[in-house]
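Input: a single structure, listed below in structure tokens.
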Amino acid sequence: MSSSSLRVFGSIAGVALLAAPGCKEGDAGDAGDASTSGATTPATTGDSAPTSGGESSGGDTGPAAAVTWHQDIAPAIVSKCGGCHVSGGIAPFSLQSYEEAKPFAAALLDAVERKAMPPFLAETTETCAPRFDFKDDPRLSDEELEQLRAWIDQDTPEGDPSKAKPIPPAADLVLKDMDLSLKIPSEVTMTGKDDAYLCFSIDPGFTEDTWLDGLQINAGNPKIVHHVLAYVDEDGASAAKVGPKGEPYSCFGGPGINSSQLIGVWAPGSLPFVPPPNVAMRVAAGSRIVLSVHYHPTGQEERDDSTSVDLSLYQGLPTYVGLLALLGNEGGAGGGLQPGPNDSNGVPEFRIPAGAVDHTEEMLIDLNSLDIPELRVFGVATHMHYVGTDMMIGVQHADPQGTEPSGECLLQTPRWDFQWQRLYSYDTDLETVPRVRPGDSVYLRCVYNNSMSNPFVVKALADQGLKAPKDVVLGEATLDEMCLGVFGVAVKLSDVL
């Protein structure tokens, strides 16, 4: 992904984020220990198993009560893991029933304790404590984790199916109420070792202004689709750039047209993009949709003919206009890149030396000179490639309003994993979400491990036929890197009319 393709915030210069709540004063660059989960309840103490959350299979109560699948474990595991771990889902096995889950009980506990699962990268740390929880947080609470341990210690009893507790609904992995699906109009074949950056121009057939309140990008062939960005092309200029049968045109860092607006981003692990109620994205009459696809070769011939975007249409006029803004990827001091530990002669440069461990790049981006309306930040995402290990995003408020802090951390993903990217939406309404105004500054900190101790680097090098790390610079390719924040923002319609 590239920040150059969308400059919601315009030209920027750096201002430090200092002493923000959730960040150590004078030490914004050190990551702290991660918490065990999101919203938690007090863990059970002592050696005995926790009290069952409902009537157990034997009807026992008290501290020695049995912990069973139907009464205690299923409500958490099926609801929080069942979106992926379902027959035909993206996970390798199902956890929908007792018979399916029992053989994987020990592996399930191990994955949860290592925080490998569920795949939710946002954490509260010593350096980052967001003011709000996140929606659709699938992590087990402390109490749920203790019950899972007790269930395994008790040899995974099933309990009474006739007295099973209700299962809360799992998070949606597909867009609800989809009204329109647009597929790339031609096939792409990938061979060789070179990445490809291709843009497809699609006519959605909108003869009047249309508003979107949901969007999902679907990777046709996940083996080669590295990431996808969806743009609105208001002038329809992309139509002149494609082939006679809709063959894509080469593009890098954006759709290569003058008037475009980002409306969707897909990377591995992404969920459907659904803004808050009464927020929608505008698509002007006659606009085209451009899908900018980064293809990464596997070394074998691979094809993609089905990458698509699903749209949900909003009826009437929304109260707020929704936007996706990209901010970061600054390669020099003029854009806010700060001096780093491996810079030559103290001149800021985005370069991660071969073999470097815990290399940090920081960006302090000043919004002071921009004429922007107040932006309500309802969601935020981090984006790096395979060398990245930890990323944090914060904002410094020039003129805090009401009880708003002078500085706050918006998101940290201290166990970065390229395969599990998503927009983290705050679990609060638009009146209380963090806001960004003219004069504020945004802080990005990205940490990298460009050594053979990073298993993702080892795999990325092997895919390219390389055996040793090389210097990594800012760029789009898999063995390049990024430090990019993605912001879901809402602006009052009355402020932009």
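What follows is calculated from the coordinates using simple rules that are stated; it is not laboratory data. Everything quoted here is computed from the prediction, not taken from an experiment. Every residue, glycine among them, receives a Cβ derived from its backbone with ideal geometry; neighbour counts consider all protein chains shown.
Provide the gained length on full extension for the span D429 to L173, in nm with one decimal, where the gain is 0.36 nm per separating residue minus the Cα-Cα distance.
On the way: separation 256, 0.36 × 256 = 92.16 nm, distance 2.20 nm.
Between D429 and L173, full extension yields an extra 90.0 nm.
Report relative contact order for the chain in percent, whole number only (criteria: Cα-Cα under 8 Å, sequence separation at least 6). Working shown, then result.
Details: 1229 pairs, mean separation 101.7, N = 497.
About 20 percent, as a whole number.
What is the gain in length, in nm to one decimal, between V473 and D136 on full extension, counting 0.36 nm per residue of separation less the C-alpha to C-alpha distance?
Values: separation 337, 0.36 × 337 = 121.32 nm, distance 3.43 nm.
Contour length minus Cα-Cα distance gives 117.9 nm.
Tell me the Kirkwood hydrodynamic radius of region 257-307 in angstroms, computed as one over the mean inverse distance between distinct C-alpha pairs. Mind showing how you got there, number by number?
Working: mean 1/r = 0.0690 Å⁻¹.
One over the average 1/r among Cα pairs gives 14.5 Å for region 257-307.
Picking from H70, I372, A150, whose Cα lies most toward the positive end of the charge dipole for the chain (charges on Cβ: Lys, Arg +1; Asp, Glu -1)?
It is I372.
With +1 assigned to the C-beta of every Lys and Arg and -1 to the C-beta of every Asp and Glu, and no other charges, what is the dipole magnitude of the chain about the Cα centre in debye, to the nearest 20? Please list the in-between numbers first.
On the way: 32 positive and 68 negative charges, 174 e Å.
Here the chain has a charge dipole of around 840 debye.
For D495 and Q154, what does the FRET efficiency come to when R0 = 41 Å and r is the distance between their Cβ atoms, rounded to the nearest 0.05? The partial results should precede the final answer.
On the way: r = 58 Å, r/R0 = 1.41.
According to the calculation, E is roughly 0.10.
Given the chain, what percent of its DSSP beta bridges are antiparallel, to the nearest 5?
Numbers: 89 of 92 bridges.
Expressed as a percentage, antiparallel bridges in the chain total about 95.
Suppose we look only past 24 Å in the calculated P(r) of region 280-408. What percent of the Cα-Cα pairs does that tail hold? Don't jump to the answer; show the numbers that get you there.
On the way: 4581 of 8256 pairs.
It works out to 55 percent of all Cα pairs.
A333 to F93: FRET efficiency via 1/(1 + (r/R0)^6), r the Cβ-Cβ distance, R0 60 Å, to the nearest 0.05? Before the final figure, lay out each step's value.
Numbers: r = 50 Å, r/R0 = 0.83.
Approximately 0.75, to the nearest 0.05.
Tilt of helix 142-153 relative to the longest C-alpha principal axis of the chain, in degrees (0 to 90, nearest 10)?
With both axes taken from Cα atoms, the answer is about 50 degrees.
Need the full-extension length gain, A111 to N342, defined as separation in residues times 0.36 nm minus the C-alpha distance. One decimal, nm. Please list the in-between numbers first.
On the way: separation 231, 0.36 × 231 = 83.16 nm, distance 3.55 nm.
Between A111 and N342, full extension yields an extra 79.6 nm.
Return the loop-located GluC sites (Glu not before Pro) in region 62-144 (DSSP other than H, G, I, E, B) with at most 13 other Cβ atoms within 10 Å of their own Cβ; answer none if there are none. Before the final figure, lay out the partial values.
Numbers: sites: E99, E100, E113, E123, E126, E143, E144; in loops: E123, E126.
When the GluC sites (Glu not before Pro) of region 62-144 are filtered for loop state and at most 13 Cβ neighbours within 10 Å, nothing remains.
Taking 1 over the mean of 1/r across every pair of different Cα atoms in the chain, what Kirkwood radius in Å do you get? Numbers along the way, then the final one.
Details: mean 1/r = 0.0413 Å⁻¹.
Value: 24.2 Å, from the Cα pair sum.
Could you list, in their original order, any pairs among K193/K470; K80/K165; K176/K241; K193/K467; K135/K163; K80/K183 whose Cα atoms are separated by more than 22 Å? Working shown, then result.
Details: K193/K470 17 Å; K80/K165 15 Å; K176/K241 33 Å; K193/K467 15 Å; K135/K163 29 Å; K80/K183 31 Å.
In this structure, K176/K241; K135/K163; K80/K183 lie more than 22 Å apart at Cα.
Sorting check: for 190-197, 78-85, which peptide has the highest mean count of neighbouring beta carbons within 10 Å, and how do the rest follow?
Working: 190-197: 14.8, 78-85: 21.2.
Final packing ranking: 78-85, 190-197.
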